[in-house]
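Visitor: Let me give you the structure first, and then I'll get to my questions.
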Amino acid sequence: MSSQLSPTGCGGILQGMNILIAEDDWLLADTLAVLLEEQGARIIGPSPESRRATALVEHAQIDFALVDMNLRDGFSDELIEKLRVRQIPFAIVTAYHSLPTNAGEHAVMTLHKPLDHRVLFNLLKKHMRGPNSQSRDQ
C-alpha cells in the first residue's frame, strides 16, 4: 500500500494534486492510491480510521479528499467537519444507497461503490489548482 505521504508521480492529469484517501477497505484504498498516483497525484494516507485521517488534515496540505462514510472507528462526520471548516473540497465514497448522516450535505459529490473511474477523474480535474487545472467554465 502507498505510504503516508507518497511521492508525486511522473506527469498525468492530476500532476501536483494532494489527495487524502480515507477508506477502510484496504483493496479499494490501495487501488485508488495507485490509480491516482499514476495520474500524478500525491496521496495523503490512505487512512482506514477517521481519527487518523483527521490528524492528517491538520498536518498535510490537501487539495481534495475522498472519504468513505463508514470507517473502522465509526462514521466520518468529525473528519468531514474538519474538511469543511478548512474549506477542503471532498467527495463521499460509499456503498450506502442513502447516507446514514447528513455529512453529504457539504460534499461536492457522493460517489457510490463500485467507483466509475472516469467520473472520479473528471471530478478531481475540476478541483485542481494551478497550470494543470481545468477551467470550471469548460
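Visitor: Just need a number here: residues in the range 49-73 that are in contact with a helix residue (DSSP H, G or I) (Cβ under 7 Å, 6 or more places away or on another chain) and charged (D, E, K, R).
Guide: Adding up the residues that qualify gives 1.
Visitor: Follow-up question, since we're still on this one. Out of the residues in the range 89-104 that are β-branched (Val, Ile, Thr) and closer than 16 Å to LEU32 by Cβ, state the one that is surrounded by the fewest Cβ atoms within 10 Å (Cβ to Cβ).
Guide: Quick first cut of the range 89-104, residues β-branched (Val, Ile, Thr) only: 92-94, 101.
Now restrict to residues that are closer than 16 Å to LEU32 by Cβ: 92-94.
Working: ILE92: 23, VAL93: 26, THR94: 21.
Here the answer is THR94.
Visitor: Scan (1) within 14 Å of ASN18 (Cα to Cα); (2) free of Cβ contacts under 8 Å to residues at least 40 places away in the same chain for the single condition GLN39 breaks and write down its number.
Guide: (2) is the only condition that GLN39 fails.
Visitor: Does the range 116-138 hold any residues that are part of a loop (DSSP other than H, G, I, E, B) and at pLDDT 90 or above, and which are they?
Guide: Of the range 116-138, the ones part of a loop (DSSP other than H, G, I, E, B) are 116, 127-138.
Hits for the range 116-138 are ASP116, HIS127.
Visitor: Considering only residues of the range 105-115 that are without any contact (Cβ under 8 Å) to a residue 24 or more places away in the chain and under 14 Å from the mean Cα position of the chain (by Cα), which is farthest from LEU83 (Cα to Cα)? Don't jump to the end; show me each part of the working.
Guide: Going residue by residue through the range 105-115, those that are without any contact (Cβ under 8 Å) to a residue 24 or more places away in the chain are 105, 108-110, 112, 114.
Keeping just the survivors that are under 14 Å from the mean Cα position of the chain (by Cα) gives 108-110, 112.
Numbers: VAL108: 12, MET109: 14, THR110: 15, HIS112: 20 Å.
Ranking the candidates gives HIS112 first.
Visitor: Return the residues of the range 60-78 that are within 15 Å of the chain's Cα centre (by Cα) and not acidic (Asp, Glu); say none if nothing qualifies.
Guide: Within the range 60-78, ALA60, GLN61, ILE62, PHE64, ALA65, LEU66, VAL67, MET69, ASN70, LEU71, SER76 meet the criteria.
Visitor: Something else: Sort through GLY45, GLY12 and tell me the only one that's in contact with a Ser or Thr (Cβ under 9 Å, 6 or more places away or on another chain), crowded, with 16+ Cβ neighbours inside 10 Å and more than 15 Å from GLU78 (Cβ to Cβ).
Guide: Values: GLY12 fails: in contact with a Ser or Thr (Cβ under 9 Å, 6 or more places away or on another chain).
On inspection, the qualifying residue turns out to be GLY45.
The values are calculated or read from the model by the stated rules, or taken from the named source; none is laboratory data. What you are looking at is a predicted structure, and each value in this text was computed from that prediction instead of being measured. Virtual Cβ from ideal backbone geometry, glycine too; neighbours counted across all protein chains shown.
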